[in-house]
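Structure record follows, encoded as structure tokens.
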Amino acid sequence: QECSKKQKNDDTQSTSVDALSSDDGFEEKNEFDTLANAKILLSDCLACDSCMTSEEGARVFQQNQKEFFRVLNLNKKCDTSKHKVLAVSICPQSLPYFAAKFNLSVNEAAKRLCGFLKSLGVHYVFDTTIAADFSILESQREFVQRYQRRNQEEHALPMFASACPGWIRYAERVLTNLVTSHICTAKSPQQIMGSLVKGYFARQQNLSPDKIFHVVVAPCYDKKLEALREDFYTALYNSSEVDCVLTSGEIVQIMEQKNVSMKDVPEVAVDSLFADIKEGEVVRHDGKRSDGYLEHIFKHAAKELFGMDVKEITYKALKNKDFQEVTLEKDGETVLRFAAAYGFRNIQNMVLKLKKGKFLYHFVEVLACPGGCLNGKGQAQTEDGKPDRALLAQMEEVYAAIPVRLPETNLHVQKVYQDWLEGMDSKKAQETLHTTYSAVNQSTSSLDIKW
């Protein structure tokens, strides 16, 4: 069942998009005129009718392939003053989709996807793994600090992960202050990548942030809503950290529109944020189906707080495979208790325990999609909207085979901390890599939502 507000606003929103195009002199139709408009479905995310304002609905509507090609076509015009540098950042959980769908290795998929995007007119294609490095490192540090303050601050623990925008939106608009003070303040990888592209990279290229059109390829639709947050917009440059989010499935739609197969595209090395260096082999973080916040934070906390080196983590499935627990024992006492809660039912159960004061966990990795990020509805479903279980199984196999790299070992991350962020503890690092989450006033109808 499609979002009712999205449905009601389709006509007015399409008018606004047409007006936007005509302002730039694109009254004529192009070869991508038949591309599907972005749609948010209730089954796709937690952003239902009661969570979206009319303005948000209109702006989400513009985050589609047509807007992407509007900018591409803009660059083909003679007026260079309106040209934009197009940069596309690809989420690590999207690459296994392209690899599995087109029967490629993950490294081949990354290079062919880069080749395809550049054939359209994109200037730079980046991998967002480095942004996840920053997000994980900042989350690790914050958890240790919260744990050390747990007896002085009521809301220090538990700490909830902040990388999933569906979960964040639900927490802010429905759960309110019960949860928001417990959410880690580290930005998600998508938004840190936005800061890196519009900040660090723009400076390297002597570009104003508003001269870069930054597109993110992501597994789920909620990432479109995340890009619209006011705290990720800089009024000085009239520029958002992320200008447009396209799901993996929307990229495949573009390929189909152009009648191109990934296997027909030449391989092109993925770009790096650092000078003329190109990315090497694809790497990932610890974690079976996500960026691995739980595993990295758990191992870091065990070392920093208790002097224990944890090599392997043992997950204990509780009510279902999407709610799992990890514990650390020292001298017969459980000193760390972490959990992974994926999918809305598990999120509801977790919140219910928090309300009853029966919450035992120090940290929870929360993801809105059952099965984690690989199962994002922007890539892991069939044409009729049902989960593509066979494809998901292939994606999980591909993802598990990608080699793991610890964030601490990335020398480029250390360089950015020192050269651009002025150190890990600097005010600039705090402002660039962190944000705040707070309750958003909603009408009472939002409390009556039944998923």
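The values are calculated or read from the model by the stated rules, or taken from the named source; none is laboratory data. What you see is a predicted model; the values in this text were computed from it and never measured. So basically every Cβ, Gly included, is an ideal-geometry build from the backbone, and we count neighbours across all protein chains shown. SASA here: full protein model, heavy atoms, side chains in, ligands and nucleic acids out. Shrake-Rupley method; radii C 1.70, N 1.55, O 1.52, S 1.80 Å.
Structure data summary
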read-out	value
Electrostatic dipole magnitude of the range 336-451 [Cβ: Lys, Arg +1; Asp, Glu -1; Cα centre; debye, to 20]	660 debye
Surface share of carbon and sulfur [accessible, 1.4 angstrom probe, percent] for the range 354-423	54 percent
Computed label-point distance, nm, for sites LYS82 and ARG203 using a 7 Å Cα→Cβ extension	3.2 nm
For VAL404, solvent-accessible area (1.4 Å; no DNA, RNA or ligand), Å²	60 Å²
Protection proxy ranking of 80-92, 288-300 - average other beta-carbon atoms within 10 Å, highest first	288-300, 80-92
DSSP-loop chymotrypsin sites (Phe, Trp or Tyr not before Pro) across the range 308-351, with at most 15 other Cβ within 10 angstrom	TYR315
Cα-centred dipole magnitude for the range 242-362, charges only on beta-carbon of K, R (+1) and D, E (-1), debye, nearest 20	1040 debye
Prolate/oblate/rounded call for the range 333-415, Cα gyration tensor, a/c under 1.5 rounded	oblate
Descending semi-axes in Å of the range 62-214, equivalent ellipsoid built from Cα gyration tensor	35, 19, 15
Stretch gain in nm, segment TYR233-ASN259, where the contour uses 0.36 nm per residue and the Cα spacing is subtracted	5.8 nm
Entries in LYS319/LYS355; LYS288/LYS386; LYS66/LYS211; LYS118/LYS258; LYS198/LYS377 that, when Cα-Cα distance is taken, lie over 24 Å	LYS198/LYS377
Surface share of carbon and sulfur [accessible, 1.4 angstrom probe, percent] for the range 132-211	41 percent
Exposure of MET308 as accessible area (Å², to 10), given a probe of 1.4 Å and all protein chains	50 Å²
In the range 300-330, GluC sites (Glu not before Pro) in a DSSP loop with at most 13 other beta-carbon atoms within 10 Å	GLU312
Anisotropy class of the range 124-225 from Cα gyration tensor, a/c 1.5 cut	prolate
Cα-based shape type of the range 284-428, given that a ≥ b ≥ c are square roots of the gyration tensor eigenvalues and the cut on a/c is 1.5	oblate
Most positive-pole-ward Cα, ALA235, ASN320, SER290, against dipole of the range 231-359 from beta carbon charges	ASN320
Estimated distance in nm for a label pair at LEU178 and LYS319, the labels positioned 7 Å out from Cα along Cα-to-Cβ	1.4 nm
Zone residues, the range 159-186, relative to GLN430, backbone N less than 14 Å from point 7 Å out along Cα-to-Cβ	185-186
